[in-house]
1. Can you compute the FRET efficiency between Ala360 and Lys327 using 1/(1 + (r/R0)^6), with r the Cβ-Cβ distance and R0 = 35 Å? Round to the nearest 0.05.
2. Which angle from 0 to 90°, rounded to the nearest 10, does the C-alpha axis of helix 236-247 make with the longest principal axis of the chain?
3. Which value in deg cm²/dmol, rounded to the nearest 500, describes the helix-derived mean residue ellipticity at 222 nm for the chain, given -39,500 (n - 2.57) per DSSP H run of n ≥ 4 and division by the residue count?
4. Place a point 7 Å from the Cα of Ala32 along the Cα-to-Cβ direction; which residues of region 323-353 have their backbone N under 20 Å from it?
5. Looking at [x] 25.9; [y] 18.3; [z] 28.3, which value of mean projected area of the Cα convex hull in nm² comes from a calculation on the structure shown?
6. Between the helical axis of 59-71 and the dominant principal axis of the chain, each derived from Cα atoms, what acute angle in degrees is found, rounded to the nearest 10?
7. With a point put 7 Å past each Cα toward its Cβ, work out how far Asp163 is from Thr192 in nm, to one decimal.
8. Please arrange Cys81, Cys130 by counting, for each residue, the other beta carbons lying within 10 Å of its beta carbon, fewest first.
Amino acid sequence: MRGRKERQAEMLLGVTPDQLVPAKHPIRAIRALVDGVLAELSPQFEAMYRRIGRPSVPPEHLLKASILMALYSLRSERQFCERLQYDILFKWFLDLNISEPAFDATTFTKNRERLLDHDIARAFFGEVVCEAQRRRLLSEDHFSVDGTLLQAWASIKSYRPRDEQPPAGGGRNREVDFHGERRSRATHVSRTDGEALLFKKAASEAARLSYMGHALIENRHGLVVDVQLTQATGGAERDAALEMLDRIKGRKGGITLGADKGYDTYAFHDQLAARDVVAHIAWNGGAKRRPIPEALEGDPAYQTSLRRRKLVEEVFGWIKTVGAGRKLRYVGLRRNELWATLTAAVYNLVRMAKLERLAA
């Protein structure tokens, strides 16, 4: 018998979003971790706002929204707010009722400077790392580092001479012929993002306006213990690696650091030795094809570090695909670093939830 088509009608339902989200949904484990981290940051949230005035959207909602954007590959805050209006799982994650409307996308823009001024992204990331440490998921002695290019939110057409006057008015981008024109950082700058630099990591690649992302991971489970975003320069990878090593607290030296051939320079080896860090760096024979020292070739710890250091590529792969970070979404170094720090924290949350599930 054919069923009847009933019209939708409004009715009073005694149901909550928690009842509609499956009990075994993987995001439940992630939310439990997030709620614990946000509870630790509550005193810092209190210091961000005045005690009088119109109530704002809670910072917990903004951080949870950033987590959902990374988990579900959403490219913009406006796209997230549109989905929050009808997605019950999103409302459950943000502790909203089904009937509550989504907040406006401009809330992110108005509160971003507040988050930057109080370094909330770094604090959130640090609490996630501390939680991983409390769960005994981090290696205390063995680390790896690497960097990757992240394309800036700026077109190559915006890379124009510094003394050139921008065209008046709006409209379609004008045609530009770059043939025969020599461009350098001293004479050219992007009109869209002045901090983005033209860079390429291989001779076969095309140079693009980019930033450089850096990650320091521990070698046991591949969790990120520090992250940084810098301008794309030839020495940015090594400089960022040293800064991230210096930020690791409670280390008295004696740790190992794995890295690829791009880090194999005499100066970098000396800087690691001064910090009592054992360099497990892929040997770069260079044009002279110098042989690898026997002390390294026969060291099983060195060989293990070379294998485990490739875990950092999984971090970059996740950030660029699931985290939708192959092309950055903001203009300027500070805003993009806030996004990169939060996205790296989300990667840790996903990894930690999976490790806990496998252990159970």
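Where a number appears in this text, it was derived from the coordinates with a stated rule and is not lab data. Nothing here was measured: the structure is a model prediction, and the numbers come from that model. Virtual Cβ from ideal backbone geometry, glycine too; neighbours counted across all protein chains shown.
1. Numbers: r = 37 Å, r/R0 = 1.07.
Given R0 = 35 Å and the Cβ-Cβ separation, E is 0.40.
2. Here the helix axis deviates by roughly 70 degrees.
3. Values: 14 runs with 151 residues, N = 360.
Value at 222 nm, helices only, nearest 500: -12500 deg cm²/dmol.
4. Once the point is set 7 Å along Cα→Cβ of Ala32, 346-353 turn out to lie under 20 Å by backbone N, inside region 323-353.
5. [z]
6. 70 degrees
7. 2.7 nm
8. Details: Cys81 20, Cys130 13.
By the 10 Å Cβ count, ascending: Cys130, Cys81.
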